[in-house]
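Asks: Below: one structure in structure tokens.
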Amino acid sequence: MSLIAARRYSACMHGSTSRGVARLVDRHPAASPDRLIGQLRPPPTFADVSFSTYQPDPSEPTQAAAVAACRAFCRQAVARRSGRRRLFGRRTVLPGVGLYLDGGFGVGKTHLLASAYYELPEGPNPKAFATFGELTALAGAFGFAECVALLADYTAVCIDEFELDDPGNTTLVSRLLSSLVERGVSVAATSNTLPEQLGEGRFAAQDFLREIHTLASIFTTVRIEGPDYRHRGLPPAPPPLSDEDVIARAEGFAGATLDDFDALCAHLATMHPSRYPTLIEGVTAVFLTGVHPVDDQNVALRLVSLTDRLYNAGIPVAASGARLDTVFSDEMLAGGYRKKYLRAISRLLALTVNEGGEP
């Protein structure tokens, strides 16, 4: 590294930004309840999708079947919300229906979930789209009873990347969804794990078997097969840039941020993941120096959450140090959060390879 580049790199790490390049570590976003409600819609990456823009692989019949299942879910959700007409024009509430899209990475589950959201009509009964983390954050911000009351009149709640990371969330989400379904709210969800297998390898599933089975009983599972579309025909992860290249490119990219990897990881620990969308709001590209494999599970899970937000916002990433597909250690990939980490790697590669490693 040249002397000039070293000075720039030192400035980036120790407070002053390089030639005015902003840093994520200098941002301290807040997530108000009103903002959390305002986020209950598909992310910008999926703002223009529909069932007609989903391209099923002819060699994977489960993909076309999933489209049909999602369309049927939308019809049933509207019918259930309307209820059954009784004497004197009154209507009785019908329980909502549940659809669970299960499949590997990059088979279009989020595309279909967002398409279902847009297919549901606008009207007196709202609809919601949230990641699992956003849903739990909403319940935390309002409290359980108020969250149920807030969503009770919705036609449907669409939950992307359904996860059960700890016993508290297991019980919370089980009670929340059960209460909503009883009130006529339908629920659609995506994940890489079948409902009855949620929680396996992460905590003592035996202790929470009742909650897990309750969740499973809500959903009709639709399996989607196929390869990861993000990597079809694409080369492997590009080699990392040098520190000097990362700094120079960040300086020439309007709206970019430039951070030291360890400093960013430490900053992520200071806020709830529900604030990550606000953290990257308005950012056009993220540049990182000093990337290396992590072996702390808490750090790794925060990186997964940030990666999901970057991917949903379509924000490219460039980095120096280790390749981005090696950021999660082999021990991490062998553990209970394996699918989360593999999903994050898939998305990181999409954010780097699709731009040729040059945002």
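Asks: Counting only residues that are more than 22 Å from residue 292 (Cβ to Cβ) and of a type in the set (Asp, Glu), how many does the stretch 245-277 have?
Replies: The qualifying residues number 1.
Asks: Do we have any residue at all in the stretch 316-325 that's modelled with pLDDT under 90 and either under 28 Å from residue 139 (Cβ atoms) or part of a strand (DSSP E or B) (or both)?
Replies: no
Asks: Which one is most open to solvent (accessible area, probe 1.4 Å), of the residues in the stretch 269-315 that are part of a loop (DSSP other than H, G, I, E, B) and on the phi > 0 side of the Ramachandran plot? Explain how you work it out, then say what you get.
Replies: Applying the first criterion (part of a loop (DSSP other than H, G, I, E, B)) to the stretch 269-315 yields 269-272, 280-284, 292-293, 295-296, 314-315.
So of that shortlist, the ones also on the phi > 0 side of the Ramachandran plot come out as 282, 314.
Details: 282: 66, 314: 48 Å².
Looking at the filtered set, the residue picked out is 282.
Asks: Name the residues in the stretch 8-48 that are at pLDDT below 85, part of a helix (DSSP H, G or I) and among the hydrophobic types (A, V, I, L, M, F, W, C), would you?
Replies: Answer for the stretch 8-48, where residues must be at pLDDT below 85, part of a helix (DSSP H, G or I) and among the hydrophobic types (A, V, I, L, M, F, W, C): 11, 12, 13, 36, 37.
Asks: While we're looking at this one, here's another question. All but one of (1) open to solvent by less than 40 Å² (accessible area, probe 1.4 Å); (2) farther than 21 Å from residue 243 by Cβ hold for residue 261; state the number of the condition that does not hold.
Replies: It is condition (2) that residue 261 fails.
Asks: If you don't mind, there's one more thing I want to ask. Answer yes or no: is there a residue in the stretch 322-345 that is touching a Ser or Thr at 6+ places or on another chain (Cβ under 7 Å), open to solvent by 10 Å² or more (accessible area, probe 1.4 Å) and basic (Lys, Arg). Give the steps one after another, and end with the answer.
Replies: Going through the stretch 322-345, the residues touching a Ser or Thr at 6+ places or on another chain (Cβ under 7 Å) turn out to be 324, 339, 344.
Narrowing the set further to residues that are open to solvent by 10 Å² or more (accessible area, probe 1.4 Å) leaves 324, 339.
Still in the list and also basic (Lys, Arg): 339.
Taking every residue of the stretch 322-345 in turn, at least one turns out to be touching a Ser or Thr at 6+ places or on another chain (Cβ under 7 Å), open to solvent by 10 Å² or more (accessible area, probe 1.4 Å) and basic (Lys, Arg).
Asks: Within the bounds of the stretch 203-216, is there any residue that is touching a helix residue (DSSP H, G or I) at 6+ places or on another chain (Cβ under 8 Å), assigned to a helix (DSSP H, G or I) and either at pLDDT 95 or above or open to solvent by 70 Å² or more (accessible area, probe 1.4 Å) (or both)?
Replies: Yes, because at least one residue in the stretch 203-216 is touching a helix residue (DSSP H, G or I) at 6+ places or on another chain (Cβ under 8 Å), assigned to a helix (DSSP H, G or I) and either at pLDDT 95 or above or open to solvent by 70 Å² or more (accessible area, probe 1.4 Å) (or both).
Asks: Considering only residues of the stretch 332-355 that are touching a Pro at 6+ places or on another chain (Cβ under 8 Å) and not in a helix (DSSP H, G or I), which is modelled with the highest pLDDT?
Replies: Only one residue tops the list, namely 355.
The values are calculated or read from the model by the stated rules, or taken from the named source; none is laboratory data. These figures come from a predicted structure and were not determined experimentally. Using ideal geometry, Cβ is built from the backbone for each residue, glycine included, and neighbour counts are taken over all protein chains shown. These accessible areas exclude ligands, DNA and RNA; they are computed on the full protein's heavy atoms, side chains included. Shrake-Rupley method; radii C 1.70, N 1.55, O 1.52, S 1.80 Å.
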